[in-house]
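Notes follow the structure.
The values are calculated or read from the model by the stated rules, or taken from the named source; none is laboratory data. A quick note: this is a predicted structure, and the numbers were derived from the prediction, not measured. As a convention, Cβ positions derive from the backbone with ideal geometry for all residues, glycine included, and neighbour counts pool all protein chains shown. Side chains included, ligands, DNA and RNA excluded: accessible areas come from the protein's heavy atoms. Shrake-Rupley method; radii C 1.70, N 1.55, O 1.52, S 1.80 Å.
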Amino acid sequence: MAGILLFASVYFVIMLTDLECDYINPIDLANGLNTYVMPEMAAHLLMFVVFLLMGEWFSMIINLPLAVWNINKVVNSRQFYDATEVFRTLPKHKRENFVKVAFYLLCFFYYLYSMIMTLVNESTDDIRTGSAY
């Protein structure tokens, strides 16, 4: 899931950069990105809830600021890109998405590390108890 969110954030950055270079018009940008805004937020919230239910407290805590940020944007109706104001708010949107890319990249590697450590610890526990065969 973290990999999907990472790729979605990279897609958002690419689209915003295309707008800045005049490769795409604001209406196409807003229509293209607004399609994926709510699924991205829902996927992140789902991941946050799974961490909560599974008792992965550290993973949940590192995801808490972004979850609160996303909920705040939805509550204040600021989650969608407005084609009429996108040029004025372009630096803010780019900065936000670059931060998301960095966050999801760090999380992706942390989750990968956690998964590998869990697998290694389980296999060493199996060898110690003799249940590896």
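When Cα Rg over 2.2 N^0.38 Å is calculated for this entry, the matching label among (i) 1.26; (ii) 1.33; (iii) 1.16 is (ii).
Per residue, the chain exposes 64 Å² of solvent-accessible protein surface, assessed with a 1.4 angstrom probe and all protein chains in place. Amide H contacts of residue 89 (H built 1.01 Å from N, in plane; Pro and chain starts excluded): no residue 5 or more places away or on another chain comes under 5 Å. Run the accessible area of segment 11-97 with a 1.4 Å probe and give the carbon-and-sulfur part as a rounded percent. Answer for segment 11-97: carbon and sulfur cover 67 percent of the accessible area.
Around the Cα centre of the chain, unit charges on the Cβ atoms of Lys, Arg, Asp and Glu (plus for the first two, minus for the last two) sum to a dipole of about 340 debye. Within the chain, the selection of entire DSSP H helices by a Cα span of 18 Å or greater along the long axis and an average Kyte-Doolittle value of at least 1.6 returns 2-20.
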